[in-house]
Amino acid sequence: MEDDREIRDAHLEMIEKHDGMSTRNETERLAVQLLPVSKSARLPLFEIAQGTLRQLSPEQYNRCRERVLQLIKADEKFNLFEFIMQCVLLNHLDRHFAVTKRPRVQYYSMKGVTGDIAVLLSSLAHVGHSDAEQARKTYEAAIAPLQLETHSVRFLDRPLCTLPRLKAALESLATCSMPIRKRLLGAATLCVAADGTVTIGEAELLRAAASA
């Protein structure tokens, strides 16, 4: 639920239309309770919600999934947190309910996905650092252990790290073999922890990458 009252009212009207007044009232009650909750609690709350939502029937999950996507699209914006929610919550549950299948392995070498690696690690570096030069240094520290040719994994400026591009990169990296994915998650973790401080955005995006 958005903080903006006008957008929130539109969300609640949508819920009432599709799921009834009781669901609207319960959603509004919980939304008010969650407003003062720290952003650092969002991921743990998602993890708790996942366990409960796995107990839904397939029909109930499909309705829940449809509503979540409608709420995300309602304000015609797609922010990083909504992207992370899709990766962490919906992707996980989609696999549980067989809405999507696990991706088939297509890459047994990093050479075919160097561009996608650059997108992921550049995005993580920018989320953790507002200063472009510091983000570059963090990226270079994270990419070095992968021992890839420098020209194939150039650091990307912030405007190039769009959410659609990150989504496509994660979908591609999900088709890598397990050893490659383990090395990539190691590099992503190094990118997040390089300066000794992990921001909420970094932690959430790393979790989203791992889930994807």
Taking the stated definitions as given, is Q106 in contact with a Ser or Thr (Cβ under 8 Å, 6 or more places away or on another chain), modelled with pLDDT of 90 or more and open to solvent by 60 Å² or more (accessible area, probe 1.4 Å)?
-> yes
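Return a yes/no flag: does region 109-124 have any residue that is without any contact (Cβ under 8 Å) to a residue 40 or more places away in the chain, under 26 Å from A193 (Cα atoms), charged (D, E, K, R) and in a helix (DSSP H, G or I). Before you say what the answer is, go through the steps one by one.
As a first pass, look at region 109-124 and keep what is without any contact (Cβ under 8 Å) to a residue 40 or more places away in the chain: 112, 114, 118, 122.
Then keep just the ones that are under 26 Å from A193 (Cα atoms); that gives 114, 118, 122.
Going one step further and asking which of them are charged (D, E, K, R), we end up with none.
No - not one qualifying residue is present in region 109-124.
Would you mind stating whether K137 is within 21 Å of E202 (Cβ to Cβ) and basic (K, R)?
Working: within 21 Å of E202 (Cβ to Cβ): yes; basic (K, R): yes.
The answer is yes for K137.
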Only residues in region 26-50 that are open to solvent by 90 Å² or more (accessible area, probe 1.4 Å) count as the first member; pair them with residues that are in a helix (DSSP H, G or I) and of a type in the set (V, I, T), Cβ under 8 angstrom, at least 6 apart or cross-chain, and list the lot.
-> K39/I200
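Restricting to region 171-212, and then to whatever is in a loop (DSSP other than H, G, I, E, B) and either closer than 14 Å to V88 by Cβ or among the hydrophobic types (A, V, I, L, M, F, W, C) (or both), can you tell me which residue is nearest to the chain's Cα centre (by Cα)? Please lay out each step first, then the result.
Quick first cut of region 171-212, residues in a loop (DSSP other than H, G, I, E, B) only: 174-175, 177, 194-199, 212.
Cutting the leftovers down to either closer than 14 Å to V88 by Cβ or among the hydrophobic types (A, V, I, L, M, F, W, C) (or both) gives us 174, 194, 198, 212.
Values: A174: 13, A194: 20, V198: 16, A212: 8 Å.
The extreme case among them is A212.
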Within region 9-25, can you find the residues that are open to solvent by less than 60 Å² (accessible area, probe 1.4 Å) and among the basic types (K, R)?
-> R24
Residue under evaluation A210, criteria (1) open to solvent by 70 Å² or more (accessible area, probe 1.4 Å); (2) free of Cβ contacts under 8 Å to residues at least 40 places away in the same chain, criterion not met | (1)
Do we have any residue at all in region 92-100 that's of a type in the set (D, E) and open to solvent by 10 Å² or more (accessible area, probe 1.4 Å)?
-> no
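Restricting to region 125-137, and then to whatever is small (G, A, S) and part of a helix (DSSP H, G or I), can you tell me which residue is nearest to G186 (Cα to Cα)? Before you say what the answer is, go through the steps one by one.
Here is the first cut: in region 125-137, the ones small (G, A, S) are 125, 128, 130, 132, 135.
Now drop any that are not part of a helix (DSSP H, G or I), which leaves 125, 128, 132, 135.
Numbers: A125: 14, G128: 16, A132: 22, A135: 18 Å.
Only one residue tops the list, namely A125.
Filter region 189-202 down to residues that are closer than 12 Å to L80 by Cα and of a type outside the set (V, I, T) and give me whichever is modelled with the lowest pLDDT.
Of the residues in region 189-202, the ones closer than 12 Å to L80 by Cα are 200-202.
Filter again for of a type outside the set (V, I, T), leaving 201-202.
Working: G201: 89, E202: 93.
Of everything passing the filter in region 189-202, G201 is modelled with the lowest pLDDT.
Which of the residues spanning region 125-137 are aliphatic (A, V, I, L, M), open to solvent by 20 Å² or more (accessible area, probe 1.4 Å) and free of Cβ contacts under 8 Å to residues at least 60 places away in the same chain? Quick ask: steps written out before the conclusion?
Our first condition is that a residue be aliphatic (A, V, I, L, M); within region 125-137, this holds for 125, 127, 132, 135.
If we keep only those that are open to solvent by 20 Å² or more (accessible area, probe 1.4 Å) as well, we get 127, 132.
Across region 125-137, the qualifying residue is only A132.
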Restricting region 138-170 to residues that are in a helix (DSSP H, G or I) and free of Cβ contacts under 8 Å to residues at least 24 places away in the same chain, the residue that is least open to solvent (accessible area, probe 1.4 Å) | A144
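The values are calculated or read from the model by the stated rules, or taken from the named source; none is laboratory data. Values in this document were obtained by computation on a predicted structure and should not be read as measured data. Positions of Cβ are generated from backbone atoms using ideal geometry, with glycine treated the same way; all protein chains shown enter the neighbour counts. With ligands, DNA and RNA removed, areas are computed over all heavy atoms of the protein, side chains included. Shrake-Rupley method; radii C 1.70, N 1.55, O 1.52, S 1.80 Å.
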